[in-house]
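Participant: What follows is a structure written as structure tokens; I'll ask about it next.
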Amino acid sequence: MGSLSEWLSAFRELHERARRGALAPGEQAAYRKGREELARALLTAQCLTLKSGETPRQALRVARSLQLELDLPTARQRAFTVDVSTGGFSTLLDRSLAVGEEMGVSLRLPAAEPVVCRARVTDARAQGAHVRVAARFEGLPPADRERLEMFVFDTVLAQLVR
């Protein structure tokens, strides 16, 4: 087995080919396994645990500021993510939202169409003068989930492999 640096470089190359849709038929399984292994290692490093039925790839969060348009029951609000995963996001808002509250979401990914879906508030905690609100995506189409997962791994690899 080579070094971690060698593994990350090889995985990054595989990831780039996957993003371009250029994986050979036999490489898809190796790529998915590599994503799962990297996500599991990062979750361990972040001291996060998986919820029942959750895979490491679904739980892996990255700290990235992405523009959000939130359609709340009382108003439309612009915000930015604090972190994002294929399962959801967190953001800082001026007011609290109730756990369980549902909202419309438009999440802008770099150089791509926004991800548009519904989300449900899973947590809301005071953080200074703001409230950190966490939300879980609801009914996210598989193609959008894959775009988010690709973005998460783009972010991870940009931070790990320079």
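The values are calculated or read from the model by the stated rules, or taken from the named source; none is laboratory data. In this text the structure is predicted, and so the values were computed from the model without any measurement. Please note: Cβ atoms are built from the backbone with ideal geometry, for glycine as well, and neighbour counts cover all protein chains shown.
Participant: Hey, among Leu93, Leu97, Leu72, Leu148, which residue is under 30 Å from His15 (Cα atoms) and touching a residue at least 12 places away in the same chain (Cβ under 8 Å)?
Facilitator: Just a single option satisfies the conditions, and that option is Leu148.
Yes/no per residue for (1) surrounded by 15 or more Cβ atoms within 10 Å (Cβ to Cβ); (2) out of contact with any helix residue (DSSP H, G or I) (no Cβ under 6 Å at 6 or more places or on another chain); (3) without any contact (Cβ under 8 Å) to a residue 24 or more places away in the chain:
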| site | (1), (2), (3) |
| --- | --- |
| Leu109 | yes, no, no |
| Cys117 | yes, yes, no |
| Gly128 | no, yes, yes |
| Ala134 | yes, yes, no |
| Phe137 | yes, yes, no |
| Val156 | yes, yes, no |
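Participant: Any idea how many residues of the range 110-162 are under 18 Å from Ala18 (Cβ atoms) and assigned to a loop (DSSP other than H, G, I, E, B)?
Facilitator: Number satisfying all stated conditions: 4.
Participant: Here is a check on your reading of the model: is Lys51 over 14 Å from the mean Cα position of the chain (by Cα), assigned to a helix (DSSP H, G or I) and modelled with pLDDT under 90?
Facilitator: No, not satisfied.
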